[in-house]
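Novice: Just dropping this structure here.
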Amino acid sequence: YGPPGTRLYHTGDLAHHDHHGHLHYDGRADNQVKIRGFRVEPSEVEAALLTHPQIAQAAVTTHRDQLSAYVVSGSAAMEDVRRHLTARLPEHLVPTYLTPLDRLPLTPNGKIDKRALPEPAAVVSAGGRAPRTPLEETLVGLFTRTLGAGEALSIDDDFFHHGGHSLLGARLTNHIAVAVDVRLTVRDVFEHPTPARLAEHITALKTAPAAPKKARPTLRRRTETERISS
């Protein structure tokens with residue numbers, strides 16, 4: 001591994017040499033996964049989920065290169081769970097999918113069997129309301145286009161329940177800036193993930209009174225006497 005005194009870094013990657021001396025990657029020695037360029041430890045997300053008072057069990061895995069969380073949560077709404085995570089984790093650690101289950105599958109040894117977890121389904125909000133205002137209609141179109149949805153979404157459909165993530169959220173905010181002339185952040189999308197809620201947020205931003213501008217101090221020109229004395 002090098003001459004004496006050199007430093008060896010443990011990356012957590014497993015590999016082996018073949019008989020030609022080539023190095024082959026075999027996987028990870030831990031449970032880390034790579035999501036959109038970030039190293040993610042699912043247990044960190046699971047620990048954050050378990051801080052929610054209504055979540056008894058949690059498991060986090062990957063689905064189509066996105067984080068997918070499964071929770072035994074009783075009556076907790078998934079939107080509340082998402083807000084709970086958004087307040088505690090960086091955006092890239094907030095799962096794209098949140099799936100409630102009655103119980104988590106277990107192995108014969110009593111551990112969570114992640115291979116037996118069901119495929120997460122996009123959660124469609126009940127009601128499926130149509131846009132009521134021009135702003136909601138614009139946002140529904142932008143949500144649908146950004147997500148590549150096969151059919152138009154409703155104003156109650158959650159951006160992240162349909163495969164959205166932070167990178168697509170940034171793309172959505174760019175589209176909104178052009179179409180609606182409002183600058184939003186990705187966190188705004190996390191906190192208001194449906195067209196209806198985001199429309200309310202945008203309306204509140206546009207109707208909020210502008211912050212008063214601070215008066216700039218005026219510079220007084222010194223007199224000839226003052227310049228000489230100084």
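Novice: Does any residue in region 173-184 that is in the same structural domain as LEU147 (by TED's automatic domain parsing) come within less than 7 Å, Cβ to Cβ, of a residue that is hydroxyl-bearing (Ser, Thr, Tyr) and in a helix (DSSP H, G or I) six or more places away or on a different chain, and which pairs are these?
Specialist: Within 7 Å, the pairs are HIS175/THR146; ALA179/THR138; VAL180/THR138; LEU184/THR173.
Novice: Here is a check on your reading of the model: is LEU139 assigned by TED's automatic domain parsing to the domain that holds ASP181 and within 22 Å of the chain's Cα centre (by Cα)?
Specialist: Taking the combined requirement at face value, the residue satisfies it.
The values are calculated or read from the model by the stated rules, or taken from the named source; none is laboratory data. Values in this document were obtained by computation on a predicted structure and should not be read as measured data. Note that each Cβ is placed from the backbone with ideal geometry, even for glycine, and that neighbours are counted across all protein chains shown.
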